[in-house]
């Protein structure tokens, strides 16, 4: 089922399936969000929970017992429930059940809220440990933005970081699927700009750490731009499928499995942890500027 919220700047549609964003349309009719195409990438903006990324050979355990949180977690295939709705906001909820406990043996509740204010959309996920033991989990956003959004080609666009404090790239294996540990320098043009090209994604995704908390996707062809703010997220992913007219900018709280290692969820150091009864909020915002 689809829910729509709107104001004078934006009309936003979200599906109950995975609480996934489906459309962000400007007042002038511009569609800012990738609309999915199985030839490249069929999703649009999946919510990643309770794991981000891939598992080495699909293997994971929790307290020593086999489990299967799945690539990017299973929330994206779950049917959530809309629990709050207004003209400018909608909130979706999912709770653990027998199906999830068979794959991820931790009781949880997650609420994903979309809120519009002016030309900005805020996505806030509240994760609650509904069980009786410490709960390890991953959470991340995976929004795909339509590029080009002001004509031209991908090479006409670049990402500008909000300051020149630098960024580092997480070290991945040759196939760029699994981190190997550590990070390396990630040079930026003029200290704050990343020029986009298909070659940048020839080996898959690029994940950054120790980076500024805000980036803007822009082009010299137009004043149109997209600004993503993600305070509190330690990782930022950039990814696109070859030939697809989109770019994913992904704030993540944790990383995929490490190269050559099966994952014990209770020991993976970058996963978030919640004590019984605790709730933690993760929030990022996207500003869509048409002029």
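Data table
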read-out	value
Packing-based order for 8-17, 259-268, 181-190, using average beta carbon neighbours within 10 Å, highest first	8-17, 259-268, 181-190
Rg/Rh ratio calculated on Cα atoms of the stretch 6-110 (Kirkwood radius)	1.06
Most to least packed among 35-46, 232-243 [average Cβ atoms within 10 Å]	232-243, 35-46
Whether the stretch 51-154 is rounded, prolate or oblate, judged on the alpha carbon gyration tensor where a/c under 1.5 counts as rounded	oblate
Inter-part distance where the stretch 163-194 and the stretch 37-99 are each reduced to a Cα centre, Å	26 Å
The stretch 232-248 residues near the modelled residue 221 label - backbone nitrogen below 13 Å, point 7 Å along Cα→Cβ	245-246
The chain - mean residue ellipticity at 222 nm from DSSP helices (-39,500 (n - 2.57) per run, n ≥ 4, rounded to 500)	0 deg cm²/dmol
The stretch 2-289 - convex hull of alpha carbons, volume per residue in Å³	126 Å³
The stretch 277-291 versus the stretch 102-135: alpha-carbon centroid distance in Å	12 Å
Residue 175 paired with residue 63, simple spin-label distance in nm, labels 7 Å along Cα-to-beta-carbon	3.2 nm
The stretch 201-269 shape via C-alpha gyration tensor axes, a/c threshold 1.5	oblate
The stretch 39-93 - Rg over Rh from alpha carbon coordinates, Kirkwood radius	1.10
Cut-off 17 Å, label 7 Å out along Cα→Cβ of residue 272, residues of the stretch 41-68 by amide N	46-53
Extension reserve of the residue 71-residue 162 stretch, reckoned as 0.36 nm per residue once the Cα distance is removed	29.7 nm
Peptides ranked, highest mean first, by Cβ atoms within 10 Å: ranges 78-85, 249-256	249-256, 78-85
Extension reserve of the residue 37-residue 281 stretch, reckoned as 0.36 nm per residue once the Cα distance is removed	84.7 nm
Gyration tensor (alpha-carbon) shape descriptor, the stretch 173-291, a/c threshold 1.5	oblate
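We did not get these values from a lab; they are worked out from the coordinates using the rules stated. Predicted, not measured: the structure shown is a model, and the values here were computed from it. A quick note on method: Cβ atoms are made from the backbone with ideal geometry, for glycine too, and the neighbour counts reach across all protein chains shown.
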